[in-house]
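The values are calculated or read from the model by the stated rules, or taken from the named source; none is laboratory data. Model, not experiment: these values are computed from the prediction. Neighbour counts are summed over all protein chains in view; Cβ atoms, including those assigned to glycine, are modelled from backbone coordinates with ideal geometry. We work out accessible area using only protein heavy atoms, side chains counted, and drop any ligands, DNA or RNA first. Shrake-Rupley method; radii C 1.70, N 1.55, O 1.52, S 1.80 Å.
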Amino acid sequence: MKDIEQLLRMTEHPQDYTDEELQQMMSDPDMRAYYELMVSAEAGFALKKGENHGDKSMILTSRITRPVPVILRIAATLIGILVLSGIAYSAYYFAVDRDYKSPAQEVRMANSQQQEGLHQQEKPVTDAIRTFENIELQQILQELSTHYHVGVVFRNEQVRHIRLYTKWDTTAPLKQMIERLNGFEKVSIKLNDNQMIAE
């Protein structure tokens, strides 16, 4: 009971106590529990009445707790930014470069493919279907022109940068692929005199 009376005096007149005395009183777990209970009760009553007495009940708490230095806040912010940027970079790296092969891997793959070619006379065509995923029309038409030995003319520069998702059967005739591309909005391709004309 004596502790509660002392705690009430301390909350009503914190100016009568030094910081060391306040620290000593609040280091006792029972005193700390009583104080937290009083603060919660006062906040509940103030909330019920619609009043704000938070400044009086928090006087003791603000004197006991020390503010975090600004340099620590800045350091924590920078560490958080670095962590988030690292996560974003790794997500981007794995999303964009998932099919990336180092030059050493490519050389090894090329050597193994050459050795396989020596052992096999004829290789059946297995890559007859080419998939374009989010590829510009300019690049698609360039591959078509190389494969079918035709030229490409763009009469509208905006058409070059339209990105498409489509599949191409490399064994099918060029007219079939042009019809497929013309099925997309904003794409109009004509075949005249061994030239594909995109408008």
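Give segment 133-149 a look and list any residue that's part of a strand (DSSP E or B) and open to solvent by 40 Å² or more (accessible area, probe 1.4 Å), or say none. Within segment 133-149, 133, 134, 136 qualify.
Can you tell me which residues in segment 178-196 are among the β-branched types (Val, Ile, Thr) and either exposed (fewer than 11 other Cβ atoms within 10 Å of the Cβ) or within 13 Å of residue 151 (Cα to Cα) (or both)? The one that is among the β-branched types (Val, Ile, Thr) and either exposed (fewer than 11 other Cβ atoms within 10 Å of the Cβ) or within 13 Å of residue 151 (Cα to Cα) (or both): 189.
Count, please, the residues in segment 158-177 that happen to be open to solvent by less than 100 Å² (accessible area, probe 1.4 Å) and either within 12 Å of residue 141 (Cα to Cα) or in a strand (DSSP E or B) (or both). The total comes to 9. Being outside any loop (DSSP other than H, G, I, E, B), aliphatic (A, V, I, L, M), open to solvent by less than 80 Å² (accessible area, probe 1.4 Å) and in contact with a Ser or Thr (Cβ under 7 Å, 6 or more places away or on another chain) is a description that applies to residue 152. Every condition in (1) in a strand (DSSP E or B); (2) of a type outside the set (Phe, Trp, Tyr); (3) modelled with pLDDT under 70 is met by residue 112 except one, and the failing one is (1). Count of segment 147-164 residues, restricted to those that are in contact with a Phe, Trp or Tyr (Cβ under 8 Å, 6 or more places away or on another chain) and basic (Lys, Arg), is 1. Of the listed requirements (1) at pLDDT 90 or above; (2) in contact with a strand residue (DSSP E or B) (Cβ under 6 Å, 6 or more places away or on another chain), residue 159 misses just one: (1).
Taking segment 1-45 as the range and being outside any helix (DSSP H, G or I) and open to solvent by 60 Å² or more (accessible area, probe 1.4 Å) as the test, the residues that pass are 1, 13, 18.
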